[in-house]
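The values are calculated or read from the model by the stated rules, or taken from the named source; none is laboratory data. These numbers were taken from a predicted model, which means no experiment stands behind them. Here Cβ is always computed from backbone atoms with ideal geometry, including for glycine, and neighbour counts include all displayed protein chains.
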């Protein structure tokens, strides 16, 4: 039986896309293999959000070719979409980008029969939603469910709209069908994801993100978690209606990017820090004790010391439970790449280090706030799992009550910056 191995970089959408392609290979008679071992086919699902993503994608291809020089290599994803023809020179057999992934086996076999490399990258800007489908994932309790593709925000630093295309939303009935299948396969938590989740439904008649969430409110699913959102979606009406769906997890990832209004303006983000703070207040009012997580970019072109100081103070004020911090990465083809005031690598890295330190402080404070409370923990592996607010919890289980897939009530007894520890509550 031929074997196929996957290496996935980047976001949860890529994780979903890789699983969908893996299942296409398995339906064609392939067996999954370890990417770091020997396989007949290697698929690298690439990321091009940052220069680091580009570098790691190409390193993965070189590792694959070293593991088996005779293997067929497929390069998919955002870097492939961006540099398709260029990547033909790397030795890959097939380049497919962010479309035709459901045809990956057919296209690979065509390339092999012709004895040549093929670039099957198509124009993504006018693409329809590609009907990919999954029935399982590597994790045994949580599954990523893709409901949306593309983005039309064109933030000045971001290359993604050009490699993912415009807004395309998955129909609620298709979401429900996949959710039902995943629930039957034993997944207790669904993570709804997309390239720009906030825009879900704009291309569908009278549909919003709430419709997608309700489509997952089915028997067998205990938790519904939302992927990355923008604060503009957290209106009073939206948050109030979301709170009525009891399975929605009280953890919300609101993409901030900067705590300086001047930097937000140059980034072409469509909110102010005041509006962001108001969105956080509404979420905390309807979901008491909820966890708020975010992304921040350090060293955007023209970011002054004062701008950075404002970002630091704003992150402390909001008290995020988790901060994902990135140094600004210059991406050719974006407006920010040509902006004056490009900062040095050293400055960007130092600011990133400082903000990561603040993130550790706010994470610790949030985790400590849970000590003494009883939290529901969905066990994902031996003696550990996640609370509904997505805090890692180690379970002190001396009586062997903890099993993968179990939902436990756990009293939190201590905390650190990485998570909490708790004891199962006995009846």
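The requirement of being closer than 19 Å to residue 172 by Cβ and part of a helix (DSSP H, G or I) is not satisfied by residue 207. For residues that are over 14 Å from residue 361 (Cβ atoms), touching a residue at least 60 places away in the same chain (Cβ under 8 Å) and in contact with a strand residue (DSSP E or B) (Cβ under 8 Å, 6 or more places away or on another chain), scanning just the range 301-330, find the one that is surrounded by the most Cβ atoms within 10 Å (Cβ to Cβ). Among those that are over 14 Å from residue 361 (Cβ atoms), touching a residue at least 60 places away in the same chain (Cβ under 8 Å) and in contact with a strand residue (DSSP E or B) (Cβ under 8 Å, 6 or more places away or on another chain), it is 328.
Mind checking which residues of the range 409-419 are touching a strand residue (DSSP E or B) at 6+ places or on another chain (Cβ under 7 Å) and surrounded by 21 or more Cβ atoms within 10 Å (Cβ to Cβ)? First the steps, then the outcome.
Step one: filter the range 409-419 for residues touching a strand residue (DSSP E or B) at 6+ places or on another chain (Cβ under 7 Å), giving 409-414, 418-419.
Those that are touching a strand residue (DSSP E or B) at 6+ places or on another chain (Cβ under 7 Å) and surrounded by 21 or more Cβ atoms within 10 Å (Cβ to Cβ): 410, 412.
Go through the residues of the range 252-260 one by one and say whether even a single one is in a helix (DSSP H, G or I), assigned by TED's automatic domain parsing to the domain that holds residue 196, touching a helix residue (DSSP H, G or I) at 6+ places or on another chain (Cβ under 9 Å) and buried (at least 22 other Cβ atoms within 10 Å of the Cβ). No, every residue in the range 252-260 fails to be in a helix (DSSP H, G or I), assigned by TED's automatic domain parsing to the domain that holds residue 196, touching a helix residue (DSSP H, G or I) at 6+ places or on another chain (Cβ under 9 Å) and buried (at least 22 other Cβ atoms within 10 Å of the Cβ).
Yes/no matrix, rows are residues, columns are (1) more than 23 Å from residue 322 (Cβ to Cβ); (2) in contact (Cβ under 8 Å) with a residue 60 or more places away in the chain; (3) assigned to a helix (DSSP H, G or I):
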| position | (1), (2), (3) |
| --- | --- |
| 220 | yes, no, no |
| 232 | no, no, yes |
| 242 | no, no, yes |
| 262 | yes, no, yes |
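In this structure, does residue 384 turn out to be within 24 Å of residue 246 (Cβ to Cβ) and either surrounded by 15 or more Cβ atoms within 10 Å (Cβ to Cβ) or modelled with pLDDT of 95 or more (or both)? It would help to see each step written out before you state the result.
Details: within 24 Å of residue 246 (Cβ to Cβ): no; either surrounded by 15 or more Cβ atoms within 10 Å (Cβ to Cβ) or modelled with pLDDT of 95 or more (or both): yes.
Taking the combined requirement at face value, the residue does not satisfy it.
Determine whether the range 12-28 contains at least one residue that is surrounded by 20 or more Cβ atoms within 10 Å (Cβ to Cβ) and more than 26 Å from residue 169 (Cα to Cα). Taking every residue of the range 12-28 in turn, none turns out to be surrounded by 20 or more Cβ atoms within 10 Å (Cβ to Cβ) and more than 26 Å from residue 169 (Cα to Cα). All but one of (1) assigned to a helix (DSSP H, G or I); (2) over 24 Å from residue 191 (Cβ atoms); (3) in contact (Cβ under 8 Å) with a residue 24 or more places away in the chain hold for residue 53; which doesn't? Only one criterion in (1) assigned to a helix (DSSP H, G or I); (2) over 24 Å from residue 191 (Cβ atoms); (3) in contact (Cβ under 8 Å) with a residue 24 or more places away in the chain is unmet by residue 53, namely (2). Do we have any residue at all in the range 351-372 that's in contact (Cβ under 8 Å) with a residue 12 or more places away in the chain, surrounded by 15 or more Cβ atoms within 10 Å (Cβ to Cβ), assigned by TED's automatic domain parsing to the domain that holds residue 294 and over 20 Å from residue 418 (Cβ atoms)? For the range 351-372, residues in contact (Cβ under 8 Å) with a residue 12 or more places away in the chain, surrounded by 15 or more Cβ atoms within 10 Å (Cβ to Cβ), assigned by TED's automatic domain parsing to the domain that holds residue 294 and over 20 Å from residue 418 (Cβ atoms): present. Scan the range 285-299 residue by residue and report those that are farther than 18 Å from residue 50 by Cα and outside any helix (DSSP H, G or I). Correct list: 287, 288, 289, 290, 291, 292, 293. From the list 96, 134, the lone residue that is in contact with a strand residue (DSSP E or B) (Cβ under 8 Å, 6 or more places away or on another chain), part of a loop (DSSP other than H, G, I, E, B) and surrounded by 14 or more Cβ atoms within 10 Å (Cβ to Cβ) is 134.
Of all residues in the range 168-189, how many are within 30 Å of residue 83 (Cβ to Cβ) and either buried (at least 23 other Cβ atoms within 10 Å of the Cβ) or in the same structural domain as residue 96 (by TED's automatic domain parsing) (or both)? Let's see the steps before the verdict.
Here is the first cut: in the range 168-189, the ones within 30 Å of residue 83 (Cβ to Cβ) are 168-170.
Then drop every residue that is not either buried (at least 23 other Cβ atoms within 10 Å of the Cβ) or in the same structural domain as residue 96 (by TED's automatic domain parsing) (or both), which leaves 169-170.
Within the range 168-189, residues that are within 30 Å of residue 83 (Cβ to Cβ) and either buried (at least 23 other Cβ atoms within 10 Å of the Cβ) or in the same structural domain as residue 96 (by TED's automatic domain parsing) (or both) number 2.
Annotation: of all residues in the range 190-204 being under 15 Å from the mean Cα position of the chain (by Cα) and not in a loop (DSSP other than H, G, I, E, B), the one that is nearest to residue 165 (Cα to Cα) is 194.
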